[in-house]
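Take a look at the structure set out below.
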Amino acid sequence: MKDAFDGSTIEILYVKGYVANLPLSESLSYNPRATGKQCQPPTNRRRIRGNGLQDEPMAQSGEDFRTIWLKPDDPTVVQIIDQRLLPHEYRVHDLRSWEDGLVAIADMYVRGAPLIGATAAWSLYLAALSDNEPEKAVRNAAAALLESRPTAVNLRWAVERILAVVDGRQGDAALAGLIRTDANAICDEDIEISRGIGEHGVALLEAISSGKGGATVNVLTHCNAGSLATINWGTATAPIYFAHQRGIAVHVWVDETRPRNQGSQLTAWELAANDVPHTLIVDNAGGHLMQHGDVDVVITGTDRTTRCGDVANKIGTYLKALAAADNNIPFYVALPSTTIDWQSRDGIAEIPIEQRDSAEVRDIHGLCEGKRMRVRTTAENTPVSNFAFDVTPARLITGLITERGICEASEAGLLGLFPEKAAS
Ligand code: MRU
């Protein structure tokens, strides 16, 4: 794997001050001729005041924003945002092979359960393109991709969906085209799912706002379950973006989210791009804020939710749920149905928890006098564990916000919204 700050294999398409001077057609435009209705590159550009990131393409959850798309004029290349470099730099990274997709998932160029699933689907499209035995190539790639991030179940969901397309099509030259259509559909559907989550979730924020006589609703979130973690809009952030657009005063407490800092580096970045008021806090501040009445509601995403409503999410989510319960603060989890693992019931016993490289804990990354730096913060021989996720039991969750509505975190609640899964 490449170091996040190595950058040697990454094509730099967006450089500060460079894209701003190009007409859109030369830098980010989407060519419908090449792709039909395809994943589009993000076309939004906004000026962010006061933080030095000006006139760059932004993670603004407008209609056109996407986190993965086919390269305009070259449908053999899939493009993603290299999220390892945010918020300091916005680069688009080319995936030219399924192995590139594997690295992007495992090394977290892309992250967030829905985007991981979509990237896997597009990687299988690249696998089909790469070989004159496409079906075999896809199966081979699928086996490797499934191992890359064990907790986020959207990965398995997307791979199985593409394998169903491939099934029985040995030697079919049209296979890559069929996978491409389905990978596109996965992306399009994910956007509509996030929109549904936003529509249902915004009602909660509206109710809290009117309960407070229109005073600012303070939401606490953990990790990044935003546009960057999905194709657009996010899951936990969709209700927030919808509320903000509808004029509901909302403010977000953003947990830093050690060790990969998805909160400080991604959530804060995209909230800023959307002009949503927010404040970064260290991971352990949430309980204190709750005790002082500064949090009205907690909304997080999830990487895997069991059919009984247990939720795996970024490490530290469970502690937020405990603190919320102790302070009588509603704790909601926003999720697309693609994140429900209908085969598992007991999250603590059954959900595999990814453990990542100890270097993520030992080292911090950042800018020093304008240069990217990696700094070791521990003694060389300090033993480290790096659990990437934890499980919040259903009993601590006030409700699950899905694309079909809000339900109790329980089997009955989920089956009430997804009755077709009763037999699965
Ligand atoms: O390790 P990551 O960054 O992939 O973890 C992401 C999360 O934990 C998100 O909260 C989750 O995937 C939900 S994304 C809509």
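Every number here is computed from the coordinates shown, using simple stated rules; none is lab data. Just so it is clear, the model here is predicted, and its values are computed rather than measured. Cβ placement follows ideal geometry from the backbone for every residue including glycine, while neighbour counts extend to all protein chains displayed.
A Gaussian network model of the chain, with springs between Cα atoms under 10 Å, assigns the largest mean-square fluctuation among 355, 343, 245 to 343.
Across the chain the C-alpha pair distances fall into 10 Å bins from zero in the proportions 5, 23, 33, 27, 11, 2, 0 percent. Based on C-alpha pairs under 8 angstrom that are at least 6 apart in sequence, the chain has a relative contact order of 13 percent. Put in order of Cβ neighbour count within 10 Å, fewest first, the listed residues 378, 317 become 378, 317. Cross-link reach is defined here as a Cα-Cα straight distance under 12 Å, omitting same-chain residues fewer than 8 places apart; for residue 314 the aspartates and glutamates meeting it are 255, 256, 283, 303, 354, 390. Placing unit charges on each Cβ (+1 for Lys and Arg, -1 for Asp and Glu) gives the chain a dipole about its Cα centre, and among 419, 221, 125 the Cα reaching farthest toward its positive end belongs to 221.
Greater than 30 Å separation of Cα atoms is the criterion. Which listed pairs, 212/320; 320/371; 212/421, meet it?
320/371; 212/421
Shown here for the range 352-405: GluC sites (Glu not before Pro) in loop regions (DSSP other than H, G, I, E, B) with at most 12 other Cβ atoms within 10 Å, namely 369, 380.
Of 235, 339, 216, the residue with the greatest mean-square motion in the GNM of the chain, using alpha carbon springs below 10 Å, is 216.
Residues considered: 213, 177, 201. Largest GNM mean-square fluctuation over the chain, using C-alpha springs under 10 Å, is found at 213.
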